[in-house]
Amino acid sequence: GGATGPVTLDESINNVRAMIDMAQANGIRVVLAGIPPMSRLLPRPDFDVRPVVQALNERLRALAAERQLLFVDYYAPFADPKGAFDPRYANDGVHPTRAGYAIMKPLAQRALASALKQ
């Protein structure tokens, strides 16, 4: 979202690629997770972060497929019809509440268990 300065989608994805490469070079199994929806970017309230999150998630999903990694979708369970974080799961539009984490936990557990079996 550019909270710390301008960052392109390519730069973001290349950073993730580098983290994957470092992890795999050290024998770490990688599970790639999507970004939950965001209703706003706290440091930049004027910036509509929703299309950025959607675009990053498309790129992350494609990267996971390219690298044959497990992908955990943390976007779909929480997005409202406008692509914002459903307020039932994030009272500030950014950070999951306990109800949100209760949905995320089994998704993460299944992905990690599957990665460990590989």
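The values are calculated or read from the model by the stated rules, or taken from the named source; none is laboratory data. Just so it is clear, the model here is predicted, and its values are computed rather than measured. All Cβ positions, even for glycine, are placed from backbone atoms using ideal geometry, and neighbour counts span all protein chains on display. Keep in mind that these areas ignore ligands, DNA and RNA; they rest on the heavy atoms of the full protein, side chains included. Shrake-Rupley method; radii C 1.70, N 1.55, O 1.52, S 1.80 Å.
Counting only protein heavy atoms and using a 1.4 Å probe, what share of the accessible area of the chain belongs to carbon plus sulfur, as a whole percent?
On the way: 4120 of 7330 Å².
The nonpolar share, carbon plus sulfur, comes to 56 percent.
Summed over the residues of the chain and divided among them, the accessible surface reaches 62 Å² per residue at a probe radius of 1.4 Å.
Taking 8 Å as the Cα distance limit and 6 or more residues as the minimum spacing, I'd like the relative contact order of region 14-118 as a percentage. All intermediate terms of the calculation are to be shown ahead of the outcome.
On the way: 126 pairs, mean separation 30.3, N = 105.
Result for region 14-118 is 29 percent.
The Cα-based radius of gyration of region 1-92, divided by its Kirkwood radius, gives an Rg/Rh of 1.00.
Rounded to the nearest 10 degrees, the angle from helix 50-66 to the longest Cα principal axis of the chain is 10 degrees. How far is helix 9-25 tilted off the main Cα axis of the chain, in degrees rounded to 10, range 0 to 90? On a 0 to 90 degree scale, this one is about 30.
Against the chain, whose longest principal axis comes from its Cα atoms, helix 98-117 is set at around 10 degrees.
Give, as a single signed number, the net charge of other residues whose beta carbon lies under 14 Å from the beta carbon of ALA108, with Lys and Arg counted +1 and Asp and Glu -1.
On the way: positive: ARG29, LYS105, ARG110; negative: ASP73.
With Lys, Arg at +1 and Asp, Glu at -1, the neighbours total +2.
Relative to the Cα centre, the charge distribution of the chain, modelled as +1 at Lys and Arg Cβ and -1 at Asp and Glu Cβ, gives a dipole magnitude of about 440 debye.
Remark: region 78-118 carries a charge dipole of roughly 220 debye about the Cα centre, counting +1 on each Lys and Arg Cβ and -1 on each Asp and Glu Cβ.
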